[in-house]
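Nothing in this text is a laboratory measurement; each read-out follows from the coordinates by a stated rule. Just so it is clear, the structure is predicted and the values come from calculations on it, not from any experiment. Ideal geometry is used to build each Cβ from the backbone, glycine not excepted, and the neighbour counts take in all protein chains shown.
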Ligand SMILES: [Zn+2]
Ligand SMILES: [Zn+2]
């Protein structure tokens, strides 16, 4: 059976500092899920816990107390609304979510590719295509070797333009993806399949077609061959970022030839 578009586990509300539209609150998100025909969604605002030293200035206000303002989450017939977060992995491989908070979330998204935060997630000296491609593999594998509750962890946007955003050049971004070594990808995705985390298909990264889409999907062909499981995450920060939802995901599902058996299943409550 073809992979069904029935969930979205990566959605931001206005509680994320980079989400600029107050319209996008938990009620709006729930209504949008109904409109899109989704039966399971998760709110995942940016998060670094106050108990973990080293938050960047940007992350300091994004603590647990702040993102918890979304609770209690509204519920509706036929839509399960989960509470999660998108935490962070700094350049020392420190996670912004401490073990003492794992039980407070139903899903935890970890981005290894927020390489736009120079000084925090990446050293200035590593600002080259080659270094960024190398860090892609090192950070992903390093994360997967940590003792984490992988049954409820998703690896965010492995093809995001944030990988090489500083120069804001589409060519540099795509070149970084082309540089990812097959060996690094295979090693990391074999480990990901073994620990059982979810691999995210990020809507905003996949709003492209033709050769660029093929490049964006490059890691995911390898992930599939390694036996990884995939979840959908729009990463919508504002209402417009839900546009063309089904069209984009159907194109990706066709390109990767995804079946229901390739889906990541978050444990039921
Ligand atoms: Zn992100
Ligand atoms: Zn996000």
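In the range 64-189, inverting the average of 1/r over every pair of distinct C-alpha atoms gives 15.9 Å as the Kirkwood radius.
Each part gets one Cα centre, and for the range 95-135 versus the range 210-244 those centres are 18 Å apart. As an equivalent ellipsoid, the chain spans semi-axes of 25, 23, 18 angstrom, where each value is the square root of five times an eigenvalue of the C-alpha gyration tensor, largest first. Each Cα pair under 8 Å and six or more residues apart adds its sequence gap; the mean of these over the residue count of the chain is a relative contact order of 22 percent. Taking the number of Cβ atoms within 10 Å of each Cβ as an exposure proxy, the fewest-first ranking of 180, 15 is 15, 180. Cβ-to-Cβ counts within 10 Å put 201, 36 in ascending order as 36, 201, the fewest first. Using only the C-alpha atoms, the convex hull of the range 182-263 corresponds to 93 Å³ per residue.
Each residue in 246, 66 was given a count of other beta-carbon atoms within 10 angstrom of its own, and listing them fewest first yields 246, 66. Taking springs between alpha-carbon atoms closer than 10 angstrom, which of 70, 19, 171 fluctuates most in the Gaussian network model of the chain? Answer for the Gaussian network model of the chain: 171. With contacts taken as Cα pairs under 8 Å at a separation of at least 6 residues, the range 1-121 carries a relative contact order of 25 percent.
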